[in-house]
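K.L.:
Okay, handing you the structure first.
The values are calculated or read from the model by the stated rules, or taken from the named source; none is laboratory data. Since the structure is predicted, the reported quantities are computational estimates derived from the model, not experimental observations. Heads up, the Cβs are rebuilt from the backbone with ideal geometry, glycines too, and the neighbour counts pull from every protein chain shown. We work out accessible area using only protein heavy atoms, side chains counted, and drop any ligands, DNA or RNA first. Shrake-Rupley method; radii C 1.70, N 1.55, O 1.52, S 1.80 Å.
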Amino acid sequence: MRFKFLLRPGWLALTLAVWVFAGACIYFLSPWQFGRNDERQAQNAAITKSLQSDPVPFGARHDEWQKVELKGLYLPELEALARLRTVQGEAAFEVITPFRTTSGQTVLVDRGYVRPVNGIKPPDFAAAPADEVTIVGLARPNESNEQPAFEQDGRRQIYSINNNAVGPGIEPGYYQLIEKQPGALDTLPLPRIESGPFFSYALQWIAFGVMAVGGWLYFTIREARPGGVLHEGTKKRKKSIAELLAEEGDDGADETSREADDAGQLDRTRHVT
């Protein structure tokens, strides 16, 4: 049977590795990158739409990145700093201050960012206005981590912007202030509107999977031919340097022996003569 060699342990292991890798590339890794590309496209569309539209009044639910107008009071007693942030390549704290709207609901407002002192300590920064104000922010969803707030260096700090992390009675999500709003600090820059490399990455994973299967088929067909080029029995073992030198030495000894025999025969002939 020509393909019986596929049942050898080595070939079984190779076949399993190739097909598992190809399956992962085509059914898991490439769809994952396609999904990330779709997310990026949706984000770009939402940001573009928000920049081109007017703010909408605060309501029960808003699309991400939508401009929302809120009217009410800041609650600085519940203010917290979101730690371990990076803004434009440098460490930062984001200042999160609860805000009670005129409708009686309490939401989180991201007033912007401040740079740490000596790389680790929160700095002093402007307090939020005490009077009733009207602000405009971009609607953002909760971040996943829900670890509660804690006190450090005289400030309440949190690991993620999440209503459950700050305190009870706060609506999910938060609002990221745009420039020139009451209480705004250094406002966070918007994500760059670009497609990113995810689509090309997805195509690369598909190509890797196809190449792996193609290589396996190529070597399988070559091995299946009569006398298979990959069969160990058909390969000629290369001689070592020691063996080659030994062969050369044997050839030289044989030649010397033949020359000695010829010389002896010549002497005997001369003696007889």
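K.L.:
Scan the stretch 6-50 for residues that are aliphatic (A, V, I, L, M), within 30 Å of I135 (Cβ to Cβ) and in contact (Cβ under 8 Å) with a residue 40 or more places away in the chain and jot them down.
P.N.:
I47
K.L.:
Looking at (1) surrounded by fewer than 19 Cβ atoms within 10 Å (Cβ to Cβ); (2) of a type outside the set (D, E); (3) in contact (Cβ under 8 Å) with a residue 60 or more places away in the chain, which is the only condition A139 fails?
P.N.:
Answer for A139: the failing condition is (1).
K.L.:
Taking the stretch 31-55 only, how many residues are in contact with a helix residue (DSSP H, G or I) (Cβ under 9 Å, 6 or more places away or on another chain) and open to solvent by 100 Å² or more (accessible area, probe 1.4 Å)?
P.N.:
2
K.L.:
Taking the stretch 112-136 on its own, how many of its residues are touching a residue at least 60 places away in the same chain (Cβ under 8 Å) and either assigned to a strand (DSSP E or B) or not hydrophobic (A, V, I, L, M, F, W, C) (or both)?
P.N.:
Taking the stretch 112-136 and keeping what is touching a residue at least 60 places away in the same chain (Cβ under 8 Å), we get 112-114, 125, 132-136.
Pick out the ones that are also either assigned to a strand (DSSP E or B) or not hydrophobic (A, V, I, L, M, F, W, C) (or both) and you get 112-114, 132-136.
Adding up the residues that qualify gives 8.
K.L.:
Looking for whichever is over 16 Å from G167 (Cβ atoms), in contact with a Pro (Cβ under 6 Å, 6 or more places away or on another chain) and either among the acidic types (D, E) or free of Cβ contacts under 8 Å to residues at least 12 places away in the same chain (or both) here; the options are E69, E94. Which one fits?
P.N.:
After ruling out the rest, the residue left standing is E69.
K.L.:
Still on this structure: Go through (1) closer than 30 Å to S195 by Cα; (2) touching a Pro at 6+ places or on another chain (Cβ under 6 Å); (3) not aliphatic (A, V, I, L, M) for D63 and report which single condition fails.
P.N.:
Failing condition for D63: (2).
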